[in-house]
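Input: a single structure, listed below in structure tokens.
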């Protein structure tokens, strides 16, 4: 996976990822992306609009939310907070630096208030960790 395309809100989802997700196939894909970024923070990320390589593994037997207006809202607001736009290409390490400089853990509640994963606090923890360590954690 030399280059990875991500939509805005998945930048935060990756920080909070702890090996759990919508299905085994989804987790296999998400873990592969996560481990690529953890092991090689110089991996180039291309910011895209709409479904990305994480969405591609969303299980077909569940209601798909990848095109919901609320998801596009999250993408746009998060990119705005980070000073990014669709089409930008930068390393994962640079993205982590932007998150660490611009986002506080409590910002997750505001930006991701309508995400079903938000109440678990994983992304808040992920932002707190990235602000301190500037690198992804090993998965449990």
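The values are calculated or read from the model by the stated rules, or taken from the named source; none is laboratory data. Keep in mind that what you see is a predicted model, and the values were worked out from it rather than measured. Cβ: placed from backbone, ideal geometry, glycine included. Neighbour counts: every protein chain shown.
What to note about this one:
- Residue match in segment 14-28 (condition: in contact with a strand residue (DSSP E or B) (Cβ under 6 Å, 6 or more places away or on another chain), in contact (Cβ under 8 Å) with a residue 12 or more places away in the chain, surrounded by fewer than 20 Cβ atoms within 10 Å (Cβ to Cβ) and in a loop (DSSP other than H, G, I, E, B)): no
- Residue under evaluation residue 41, criteria (1) over 26 Å from residue 107 (Cβ atoms); (2) assigned to a loop (DSSP other than H, G, I, E, B), criterion not met: (1)
- Residue 107 vs. criteria under 15 Å from the mean Cα position of the chain (by Cα) and within 23 Å of residue 46 (Cα to Cα): no
- Wholly within segment 75-140, helices (runs of 4 or more DSSP H) carrying at least 3 residues that are surrounded by fewer than 17 Cβ atoms within 10 Å (Cβ to Cβ): 92-102, 122-133
- Within this structure, residue 36 fails the test of being surrounded by fewer than 21 Cβ atoms within 10 Å (Cβ to Cβ), modelled with pLDDT of 95 or more and in contact with a helix residue (DSSP H, G or I) (Cβ under 8 Å, 6 or more places away or on another chain).
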